[in-house]
Amino acid sequence: MGQKINPLGFRLGTTQSHHSIWFAQPKNYSEGLQEDQKIRDCIKNYIQKNMKLSSGVEGIARIEIQKRIDLIQVIIYMGFPKLLIEGRTRRIEELEMNVQKELNCVNRKLNIAITRITNPYQHPNILAEFIAEQLKNRVSFRKAIKKAIELTDEADTKGIQVQIAGRIDGKEIARVEWIREGRVPLQTIRAKIDYCSYTARTIYGVLGIKIWIFREEG
């Protein structure tokens, strides 16, 4: 069996839950989907502009969206939320206003909450951001991956696989390189695997980063 299935979609209903929770009639479904994308993009852009860490990591693990008739509840899971705590209420209000302006929703209330996650480097999104920042600074890809694997070892994971594709280190020919450490049982539905694909824009082209992290057996 080829590894062409998304590990998160494959595990929905067993070890993985949806990141967006709402119901819509078939004819309104695409609108709801676009709305979700706008919310996620708006939050990421705001955090990119205002709150980047010195290491270049934004620290968003995931964004969960729950919609009711009169309310949109957004929960942002962050690894380094101290950036938001400095001016917490003001920053969150500003973020809510930005998102509402983007969505143009008059009859629905928007509520944004921030949750801190204990082990940031257990989450592939934060690791992918870290690797992307290293690659932008012309660090060798092997060194960047090794450092990322060290960080996950400290975060107590059972296995990790990192794949980078594109013009690695600015070489003429694009190629795919990957490194695996520990176990990553992609075929086992019970296995709790976190996955993300991330785009790193470097001066010599776009690189694709994919990360699989094996947390525990379900």
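Brief remarks follow.
- If you go through segment 1-21 and keep only what is charged (D, E, K, R) and surrounded by fewer than 14 Cβ atoms within 10 Å (Cβ to Cβ), you end up with just LYS4.
- Among the conditions (1) over 30 Å from VAL139 (Cα atoms); (2) at pLDDT 90 or above, the only one that ARG40 does not satisfy is (1).
- Within segment 181-218, considering residues that are surrounded by fewer than 16 Cβ atoms within 10 Å (Cβ to Cβ) and basic (Lys, Arg), the one nearest to ALA144 (Cα to Cα): ARG201
- Which listed residue, of ILE193, ILE145, is modelled with pLDDT of 90 or more and either over 21 Å from the mean Cα position of the chain (by Cα) or farther than 16 Å from ILE131 by Cβ (or both): ILE193
- Scanning segment 53-102 for residues that are modelled with pLDDT of 85 or more, touching an Asp or Glu at 6+ places or on another chain (Cβ under 6 Å) and more than 19 Å from ASN119 (Cβ to Cβ) gives a single hit, ILE65.
- Where TRP178 falls short, out of the listed (1) surrounded by 16 or more Cβ atoms within 10 Å (Cβ to Cβ); (2) assigned to a strand (DSSP E or B); (3) modelled with pLDDT of 90 or more: (1)
- A count restricted to segment 105-119 and to residues that are closer than 17 Å to ILE63 by Cβ and either open to solvent by 50 Å² or more (accessible area, probe 1.4 Å) or of a type in the set (Ser, Thr, Tyr) (or both) stands at 3.
- The residues of segment 127-147 that are open to solvent by less than 50 Å² (accessible area, probe 1.4 Å) and either in contact (Cβ under 8 Å) with a residue 60 or more places away in the chain or of a type in the set (Val, Ile, Thr) (or both), listed by number, are LEU127, ALA128, GLU129, PHE130, ILE131, ALA132, GLU133, LEU135, VAL139, ILE145.
- Subset of segment 22-39 that is open to solvent by 90 Å² or more (accessible area, probe 1.4 Å) and not in a helix (DSSP H, G or I) - its residue that is nearest to GLU64 (Cα to Cα): PHE23
- Which listed residue is assigned to a loop (DSSP other than H, G, I, E, B) and either touching a Lys or Arg at 6+ places or on another chain (Cβ under 9 Å) or more than 21 Å from ARG138 (Cβ to Cβ) (or both), from ILE193, ILE189: ILE189
The values are calculated or read from the model by the stated rules, or taken from the named source; none is laboratory data. Computed from a predicted structure; not experimentally measured. Neighbour counts are summed over all protein chains in view; Cβ atoms, including those assigned to glycine, are modelled from backbone coordinates with ideal geometry. Note: accessible area is taken over every heavy atom of the protein model, side chains too, but ligands, DNA and RNA are not part of it. Shrake-Rupley method; radii C 1.70, N 1.55, O 1.52, S 1.80 Å.
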